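Step one of this worksheet: look at the structure below.
The values are calculated or read from the model by the stated rules, or taken from the named source; none is laboratory data. What you are looking at is a predicted structure, and each value in this text was computed from that prediction instead of being measured. Note that we place each Cβ from the backbone using ideal geometry, even for glycine, and neighbour counts take in every protein chain shown. When the accessible area is computed, the model is the full protein with side chains, heavy atoms only, and any ligands, DNA or RNA have been set aside. Shrake-Rupley method; radii C 1.70, N 1.55, O 1.52, S 1.80 Å.
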Amino acid sequence: MTDDKDVLRDVWFGRIPTCFTLYQDEITEREAEPYYLLLPRVSYLTLVTDKVKKHFQKVMRQEDISEIWFEYEGTPLKWHYPIGLLFDLLASNSALPWNITVHFKSFPEKDLLHCPSKDAIEAHFMSCMKEADALKHKSQVINEMQKKDHKQLWMGLQNDRFDQFWAINRKLMEYPAEENGFRYIPFRIYQTTTEQPFIQKLFRPVAADGQLHTLGDLLKEVCPSAVTPEDGEKKNQVMIHGIEPMLETPLQWLSEHLSYPDNFLHISIIPQPTD
């Protein structure tokens, strides 16, 4: 893996200033002040909002509290999507702080998975990592790791420990020198304009003639509507971690450096904002 450690660090330490407000219909004993937090882009909402939960529960009676959930402008926020992906997809062109509404009632069963405990987040996270490694290395790397290595990946994410996480994760980013890249690139492409949750297909980082595939090549093949025609105006933004990478960027490099901790590239296609 090429050593662009600063990129890995910048991705890991990306933060989104967020204001949490209690939903107006929740029953409180006194006024609930908003709660401000810098959310880590690479984590999950239910993993980093214990303080938010405690803050609002202080002004509520126990019988008025059931499972916490979050929404932004009427859209329930899926806790099993990384925070950075949720922001890029739903709020990247709005002013900061990101205004999230907190609910303790009327859980939207159709839209959200329940998150009964941190174990549910860990199970989801590890299942994504295993799927990513099946694509990259036919699962050989993750299966050769010991249970304590899996635990170290999870604890690194949970406790926001970059070095602890990457000490193990770097093994998942390696490949044999003669192969020029992974077997397939783990990616998911999300659009707010379609009903399907995301696009995910098999795509190799290297073409049959040995040329490296780029982000543009991937989009042309699996999501052509996202690509601006040469003579047309730009209709979409293609975002990963809040930035628009150049479409000429090799996919292998993106996979090694801009994947989320679950080892997937989570790519948001959002309508170009009109000024």
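In the stretch 67-158, inverting the average of 1/r over every pair of distinct C-alpha atoms gives 15.4 Å as the Kirkwood radius.
With the Kirkwood sum run over all distinct C-alpha pairs, the stretch 117-174 has a hydrodynamic radius of 11.5 Å.
Ordered from longest to shortest, the equivalent ellipsoid semi-axes for the stretch 1-149 are 32, 19, 14 Å, each the square root of 5 times a Cα gyration tensor eigenvalue. Dividing the helix sum by the residues of the chain, where each DSSP H run of 4 or more adds -39500 (n - 2.57), gives a mean residue ellipticity at 222 nm of -9500 deg cm²/dmol. Restricting the calculation to Cα atoms, the chain yields a radius of gyration followed by a Dmax of 19.7, 68 Å. What FRET efficiency do you get for residue 180 and residue 149 if R0 is 30 Å and r is their Cβ-Cβ distance, rounded to the nearest 0.05? In this case the efficiency is close to 0.70.
Remark: the residue 202-residue 9 segment gains 66.7 nm on full extension, using 0.36 nm per residue and subtracting the alpha carbon distance. In angstrom, the C-alpha Rg and Dmax of the stretch 207-275 are 12.7, 42. 3J(HN,Hα) couplings calculated from phi for the stretch 213-227 with the Karplus curve 6.51 cos²θ - 1.76 cosθ + 1.60 (θ = phi - 60°) are, in sequence order, 6, 10, 4, x, 4, 4, 5, 4, 7, 9, 8, x, 5, 7, 8 Hz; Gly and Pro show x. Estimated translational diffusion coefficient (Stokes-Einstein, Kirkwood radius over Cα pairs, 37 °C, 0.692 mPa s) of the stretch 16-103: 247 µm² per second. Cα convex hull, the stretch 108-247: 157 Å³ per residue, rounded to a whole number. Each of 78, 110, 151 has its accessible area taken with a 1.4 Å probe; listed largest first, they run 110, 151, 78.
Taking the stretch 10-59, how much of its Cα-Cα pair set, in percent, is spaced more than 16 angstrom apart? Of the Cα pairs, 44 percent sit more than 16 Å apart.
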